[in-house]
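The structure appears right after this line, and notes come after that.
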Amino acid sequence: MAGTEALTRQGSSANVCILGAGSWGTALATLLADNGHAVRLWARDAALAEALSAARENRRYLPGIPLPEAVAPTADIETALAGAEVVVFAVPSGAVRQVAREAARHIASEALLISAAKGLEEGTGARMSQVLAAELPGSEGRTIALSGPNLALEVARGVPTASVAASTNPEAARAAQRLFIGQPTPTFRVYSGRDVIGVEFGGAIKNVIAIGAGICDGLGYGDNSKAALMTRGLTEAIRLGVAQGAEAATFLGLSGVGDLIATGASRLSRNYRVGFALGQGRALPDILAELGQVAEGVPTTRVLCDLAARSGVEMPLCAALHAVLFARRAPLAVIRELMLRPPKAEHPDV
């Protein structure tokens, strides 16, 4: 595909625009600049863009990580996208549609599009690649979903990390692989895939399960409870994903169980921290206010429960978390109800 010409050779550089200057967008900007690419980092907040340029550090979202000289922050979306061969959407899932709409007239018709947001759109239940397809007609064959156990701070620090780039177009997925190859010291290994549905659902659902894992730790339950919740949560993810057209095997890979392990066990995870605070008895509005960033698992819980109901898929753990988050049910009471559910086979179809 013509839009990947700059990425046909390992080690070649590209002009990259990253839309979103939160922790994830900044981490990706740092990674790609260190890989030799020219990066424009767009922030909706002009004050943030100015602070990034002045301090050469994102002190608000990713403190302590120097911003490479190859990263040019800006609050002007037209400037950010001028000449971009690759456009990375790293805004929260709830903002992807609006940002794509604003960016549409400035994005080159052959630019590679990478969706790095992990969530589902409230109201529609759409995956991020579906949102991009709606706002950027004709983009399906050059759109990639990037997902995996990718905690932003660790990526920015150069900790060895793996991810998966999925696209319906194998050439686009391979181009994304080449984009992230760093020399001489590679730190971000990317695998290619075709199951966009599975990769996007895995990245979204694990955030919900991570809230539950945090609740377990916040209650002081220990590893038995958390392991059971994460395992059964993964079963629910597979059940719903397959109903939406995903491949079950995808959930056993980096964007499924891999991301779940990282997000459900790390204090660097915003979703885990939300759950931990809930387990300690704190109120959700106070937790989110203190967090100061989007915890994707919170809105995604609503979307998943709606999708499950419409698809006839049973997701008791997601329903329980919905009750804790939005009906203000006490975690202890909800967990007791889960434990008292009628006995079932682990694999009913076997």
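The values are calculated or read from the model by the stated rules, or taken from the named source; none is laboratory data. These numbers were taken from a predicted model, which means no experiment stands behind them. Here the Cβ positions follow ideal geometry from the backbone for every residue, glycine too, while neighbour counts run over all protein chains shown.
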(message) Could you go through segment 295-308 and let me know if any residue there is crowded, with 16+ Cβ neighbours inside 10 Å, touching a Gly at 6+ places or on another chain (Cβ under 7 Å) and outside any helix (DSSP H, G or I).
(response) yes
(message) It is to be established whether one or more residues within segment 167-187 are assigned to a strand (DSSP E or B), under 21 Å from residue 129 (Cβ atoms) and either in the same structural domain as residue 65 (by TED's automatic domain parsing) or of a type in the set (Ser, Thr, Tyr) (or both).
(response) no
(message) Cβ-Cβ distance below 9 Å, separation of 6 or more or different chains: which pairs start in segment 238-262 with a residue that is within 23 Å of residue 214 (Cβ to Cβ) and end on one that is surrounded by fewer than 17 Cβ atoms within 10 Å (Cβ to Cβ) and acidic (Asp, Glu)?
(response) 239/314
(request) Give the residues of segment 71-103 that are among the hydroxyl-bearing types (Ser, Thr, Tyr), surrounded by fewer than 22 Cβ atoms within 10 Å (Cβ to Cβ) and touching a Leu at 6+ places or on another chain (Cβ under 8 Å), sorted by residue number. (result) 74
(message) Which pairs turn up if I take residues in segment 164-184 that are polar (S, T, N, Q) and look for partners that are assigned to a loop (DSSP other than H, G, I, E, B) with beta carbon separation below 6 Å, at least 6 apart in sequence or on another chain?
(response) 183/11
(request) Could you identify the single residue in 103, 108, 117, 145 that is of a type outside the set (Ser, Thr, Tyr) and in contact with a Pro (Cβ under 8 Å, 6 or more places away or on another chain)? (result) 117
(request) Pick out the one residue from 33, 49, 21 that is touching a strand residue (DSSP E or B) at 6+ places or on another chain (Cβ under 6 Å), farther than 18 Å from residue 111 by Cβ and in a loop (DSSP other than H, G, I, E, B). (result) 21
(request) Give me the pairs, please: first residue somewhere in segment 310-325 and farther than 24 Å from residue 279 by Cβ, second residue anywhere and in a helix (DSSP H, G or I), beta-carbon distance under 7 Å, and either six or more positions apart or on two chains. (result) 311/240; 311/243; 313/239; 313/240; 313/243
(message) Take residue 41 and tell me if it is touching a Pro at 6+ places or on another chain (Cβ under 8 Å) and closer than 23 Å to residue 151 by Cα.
(response) yes
(request) May I ask you to say which residue of 133, 116, 145, 111 is without any contact (Cβ under 8 Å) to a residue 12 or more places away in the chain, surrounded by 17 or more Cβ atoms within 10 Å (Cβ to Cβ) and either farther than 23 Å from residue 254 by Cα or not assigned by TED's automatic domain parsing to the domain that holds residue 304 (or both)? (result) 133
(message) Can you find, within segment 101-127, the residue that is nearest to the chain's Cα centre (by Cα) among those that are outside any loop (DSSP other than H, G, I, E, B) and closer than 12 Å to residue 88 by Cβ?
(response) 115
(message) Which count do you get for residues in segment 215-253 that are under 20 Å from residue 120 (Cβ atoms) and either assigned to a helix (DSSP H, G or I) or of a type in the set (Ser, Thr, Tyr) (or both)?
(response) 15
(message) Suppose the filter is of a type outside the set (Asp, Glu) and in a loop (DSSP other than H, G, I, E, B); does residue 54 pass it?
(response) no
(message) Being aliphatic (A, V, I, L, M), more than 24 Å from residue 152 (Cβ to Cβ) and part of a helix (DSSP H, G or I) is the filter here; which residues of segment 309-327 pass it?
(response) 309, 317, 319, 320, 323, 324
